[in-house]
Amino acid sequence: MLANVLDTAARGTVPLQTQADTVDAIRESLLLSSSLWVNVALAGLSILLFVYMGRDLTESRAKLIWVAALLVPLVSISSYASLVSGLTVGFLEMPAGHPLAGQGEILSPWGRYLTWTFSTPAILAALGLVAGTDFTKLFTAITMDVGMCVTGLAAALITSSLLVRWVFFGISTAFFLVVVYVILVEWSDDAARAGTSEIFDGLRNLTVVLWFGYPILWALGSEGLAVLGVGLTSWGYSGLDILAKYLFAFLLLRWVANNESVVASNPSLLGDE
């Protein structure tokens, strides 16, 4: 009797996927693998370029902006290396009602959310410093941003209920809208007072437009409605990352290097006059 029970359990066991399995799945998809390796290469080049661009900075606030901008490719190269190694990639069975439900295990590069959890606060820190904002507004934007990333990860990983996936997506979007409000309204006013509107307005528009692409891509991609496959979804995220991270940081550091005196004249982060 015991032997029969054990044999039945063994037949019903789903084999666990290993890192080697995820690496093989990534290698088999040219779209997916290329979307990851391109970011590894661009992040590495960005690190070298940004170190060079900040070599002559002397003012402490300008250096702080430089460090925040440099963190973006540093985090990205670590994260994308983890993705291509299979460390932060897994297989998920989508819940009933999902377009990919019943089609076997779907590859999920969930490590992207770790990238965003650490890199997007650095982007906001750099942008807030340029705007000359105070600590409260900066803290609000960064904490709401972290909440957005964490609940977005939950939405991507939940397999028990399609409804709960979309509920977490809605919560993540609500966090995102708070961040957008701070950038568009609060920081725009701060930048006008600080005399940095020229660069801030361009970076603000670039950031907000591109960041709206992420929830739209989630909804249309393999995690949401599955209009796009895993490879195309990954390339969509990678393309947004290239523009929202490396291009953003390059434009910012180029301006800071040429306008260090303007940055130095901004009010203190603690709001002192």
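The values are calculated or read from the model by the stated rules, or taken from the named source; none is laboratory data. These numbers were taken from a predicted model, which means no experiment stands behind them. Every residue, glycine among them, receives a Cβ derived from its backbone with ideal geometry; neighbour counts consider all protein chains shown. Protein only, heavy atoms only, side chains kept; ligands, DNA and RNA dropped before computing areas. Shrake-Rupley method; radii C 1.70, N 1.55, O 1.52, S 1.80 Å.
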## Note on the structure
Filter the stretch 188-203 for residues that are touching a residue at least 60 places away in the same chain (Cβ under 8 Å) and open to solvent by 40 Å² or more (accessible area, probe 1.4 Å); the one that is farthest from SER261 (Cα to Cα) is ARG193
### Task
Filter the stretch 133-151 for residues that are of a type outside the set (Val, Ile, Thr) and open to solvent by less than 10 Å² (accessible area, probe 1.4 Å) and give the result.
ALA141, ASP145, CYS149
## Note on the structure
Note on the stretch 62-83: residues open to solvent by less than 30 Å² (accessible area, probe 1.4 Å) and either over 15 Å from PHE118 (Cα atoms) or among the basic types (Lys, Arg) (or both) are ALA62, ILE65, LEU83
## Note on the structure
The condition from (1) within 30 Å of SER108 (Cβ to Cβ); (2) assigned to a helix (DSSP H, G or I); (3) touching a residue at least 60 places away in the same chain (Cβ under 8 Å) that LEU225 misses is numbered (2)
### Query
Got at least one residue in the stretch 178-187 being in contact with a Pro (Cβ under 7 Å, 6 or more places away or on another chain), open to solvent by less than 30 Å² (accessible area, probe 1.4 Å) and either in a loop (DSSP other than H, G, I, E, B) or free of Cβ contacts under 8 Å to residues at least 40 places away in the same chain (or both)?
no
### Message
Cβ-Cβ under 9 Å, sequence separation 6+ or interchain: first residue in the stretch 136-147 and among the basic types (Lys, Arg), partner crowded, with 18+ Cβ neighbours inside 10 Å. Which pairs?
### Response
LYS137/GLY128; LYS137/ALA131; LYS137/VAL182; LYS137/GLU186; LYS137/TRP187; LYS137/ASP190
### Summary
For the stretch 25-51, the count of residues that are touching a Pro at 6+ places or on another chain (Cβ under 8 Å) and of a type in the set (Gly, Ala, Ser) equals 3
### Summary
Picking from GLY104, GLY86, the residue that is without any contact (Cβ under 8 Å) to a residue 12 or more places away in the chain, open to solvent by less than 50 Å² (accessible area, probe 1.4 Å), over 20 Å from LEU253 (Cβ atoms) and part of a loop (DSSP other than H, G, I, E, B) would be GLY104
